[in-house]
Amino acid sequence: MTTDARTTPNPEPDSGSRTDPSTEPALDTHRPPDPTAPADPHPAEASDRALLPTATPARTRAAVRELLRPHRRLAAAGFGLMVIATAVGLLTQPLLGRIVDVVTEQRPADALTWPVVALAAVGVVQGVTTALGMSLVSRLGETALARLRELFVERALSLPLERLEKAGSGDLNSRVTRDVSRVAEAVRTALPELARSALSIVLTLGALALLDWRFLLAALLAVPVQAHTARWYVRNAVPLYAKERIATGAQQQQLLDSIGGARTVRAYRQQGVHARRVDERSRAAVELTMRGVRLVLRFYSRLHIAEYVGLAAVLVTGFLLVRSGSASVGTATAAALYFLSLFGPVNTALVLLDDAQSATAGLARLVGVVDETPPAVRDAVDEDLAPTAGDPSVTLTGVVHAYVPGRPVLHGVDLEVRPKERVALVGTTGAGKTTLAKLVAGVHRPQEGRVEVGGVEPDESAGTVGLVTQEVHVFAGPLADDLRLARPDASDEELREALAEVDALGWAEALPEGLDTVVGDGGHQLTPDRAQQLALARLLLADPPVVVLDEATAEAGSSGARLLDEAAERALRGRTALVVAHRLSQAAAADRVVVLSDGRVVESGTHEELLTAEGPYAALWLAWSDSRSPGDHHH
């Protein structure tokens, strides 16, 4: 179980971006990067390699069939009505041809009555059946899309945090916003129109054959040009749109990295580097977009050739048949009108083909996430991997971990946290504190060595370890619902007890509607220290035996520090705890202090023992104490 876990795109472990350098000079001092270190020559490619998967065309088609299978009756009814509407509409051209024959043969005016009445009837029937058919097809598409959205959100929420960190939140964000929008737009507009256009094309060609098979042959002269153009477009458009999606995801990721970490970027004086990266990825996205525009222009220019070839062939065929007496002027007129009526559905289908290819690329990215965590794997429970009963210990043996191959963050770390022991991790920026905490929480798996909680490897979804970080998300909705995320069956009284335990009940009940007050986006905004109290209350409700606090009280200023420290103290009572200490007052209150430096444990002992040893911890304590005002010293 991970509570308020922080997901950081393209992680730079212990980057120091969470701490203002002016407030923590001893523990989190910003240091500029080594100017001699080689820059990544292909930053965009490095990001692309970590992106979430994209489904193959075959898998995408299979996923669509799976979504539509439960709605076969709806599909049959919708497309059946579309066939009826299209077939009825095809009576228009012969009726107009009949009117032409009446006029050219100088028949009595009464002969025009029934063709005109029939035309009116055709218009009414076609309009009604088209509206019903389109609505049913649209309902089919919306239903399937809603199910796809549900699957996407379900799988996205179940993805391991390590996988999301490697991919970056920009990639997932572009899928859940832009790709979903593209697919939704295609379902609402392209799918019904494409279905109607396809039916019109097929049935119109059949109608031409009924008039005279030679009209059909003449019309089919345009097909080779159109088919070649369509194949050429699909062959070039599919990979181009896929690349454009990836480039857009990389662009959004870079913007999130640069803007979200603006304080760190300024502290490292990396504004120019990040501006260049944003420019490079934006240029890559724009270039791919312009390639798509040029592709579409060439596509339409080829289609016009097909139209001219087909229409000329039908007109010449009609002229020859009328001259030989094989067809009437009205029949030739109907044939020409049939071919002209093909312009609309053919152009519509090919125009929508552009939208369909764009939506297909987005759909493949959504299906890729849906397939990333199969339900059978996610829901499987291996009884052999269940943690031992009682109060579990935490053991790290020879742990080595690296985010970038060849650049380990942790080097052979050995550490044991006894049941119900509280251990504080301290060290300067880049020491590996956050990485070690995430390994214990099950967010990451060590590359070498072993991490055990209660004798088994930790799993972020197992509920054994609770992780509270500095960045807390307050979900939009009633405060009570936000708390019940940790325990859905909790009563109102249990919610109040948890809030009281972290000294938050007073302000919670003072809200306009008490626990029913809407908080988060669009509601009552909580201050950072109150949000942290909310996270600690959720921790109490979840009641994990092991807790990891990763600078969970760092956001509080000096006025709220004591309050949050006391709330954390009560939340950790009776639990095995690992605390990444932002203030050394937290370390002083722990049962044991572990000092990390460059990914290695360099000291371990009680607060008093390490002060007496006059080693790295004593130096950190002296620097931290000197930076505190007299009122800030709690210990």
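Compute the Cα gyration tensor for segment 258-381, then decide on rounded, prolate or oblate, letting a ≥ b ≥ c be the square roots of its eigenvalues: rounded whenever a/c is under 1.5, prolate when a/b is larger than b/c in the other cases, and oblate in all that remain. Before the final figure, lay out the partial values.
Numbers: a/c = 6.70, a/b = 2.32, b/c = 2.89.
Because a/c hits 1.5 or more and a/b fails to exceed b/c, segment 258-381 counts as oblate.
Pop the C-beta distance of Glu66 and Glu609 into the FRET formula with R0 = 51 Å and round what comes out to the nearest 0.05. Let's see the in-between values first.
Numbers: r = 62 Å, r/R0 = 1.21.
Calculated value: 0.25.
Shape verdict for segment 478-555, please, from the Cα gyration tensor: rounded (a/c under 1.5), prolate (a/b greater than b/c) or oblate.
Since a/c reaches 1.5 but b/c is at least a/b, the shape of segment 478-555 is classed as oblate.
Which stretch or stretches of segment 458-497 have amide N atoms under 16 Å from the point lying 7 Å from Glu509's Cα along the Cα→Cβ direction?
Backbone N within reach: 480, 492-497.
With just the Cα atoms defining each centre, how far is segment 119-147 from segment 407-444? Give it in Å.
61 Å
If each of Ala209 and Val238 carries a label point 7 Å out from its Cα toward its Cβ, how far apart are those two points in nm?
Output for this residue pair reads 2.8 nm.
Round to the nearest 0.05 the FRET efficiency obtained for Arg231 and Thr56 when R0 = 25 Å and r is the Cβ-Cβ distance.
For Arg231 and Thr56, the calculated efficiency is 0.85.
To the nearest 10 Å², what's Ile84's accessible area with a 1.4 Å probe?
The accessible area comes out at roughly 90 Å².
Taking a virtual spin label 7 Å from the Cα of Asp516 along the C-beta vector, which residues in segment 475-509 bring their backbone nitrogen under 12 Å of it?
478-480
Can you tell me how much longer the chain between Arg562 and Thr189 gets when fully stretched, taken as 0.36 nm per residue apart minus their C-alpha distance, in nm with one decimal?
128.5 nm
Extension gain Asp598-Val296, at 0.36 nm per residue separation less the Cα-Cα distance, in nm?
103.3 nm
Calculate, for Ala120 and Ser158, the FRET efficiency according to 1/(1 + (r/R0)^6) with r their C-beta to C-beta distance and R0 56 Å; round to the nearest 0.05.
Between Ala120 and Ser158 the formula returns 0.45.
Ordered by residue, what ³J(HN,Hα) values in Hz, to whole numbers, does segment 492-503 give under the Karplus form 6.51 cos²θ - 1.76 cosθ + 1.60, where θ = phi - 60° and Gly and Pro are x?
4, 5, 5, 5, 5, 4, 5, 5, 5, 5, 9, 6
What is the magnitude of the charge dipole of segment 227-382 about its Cα centre, with +1 placed on the Cβ of each Lys and Arg, -1 on the Cβ of each Asp and Glu, and no other charges, expressed in debye to the nearest 20?
For segment 227-382, the charge dipole is close to 680 debye.
The values are calculated or read from the model by the stated rules, or taken from the named source; none is laboratory data. None of the values given here were measured: they were computed from a predicted structure. Note: ideal-geometry Cβ built from the backbone for every residue, glycine included; neighbour counts use all protein chains shown. What goes into the accessible areas is simple: the full protein's heavy atoms, side chains included, and nothing from ligands, DNA or RNA. Shrake-Rupley method; radii C 1.70, N 1.55, O 1.52, S 1.80 Å.
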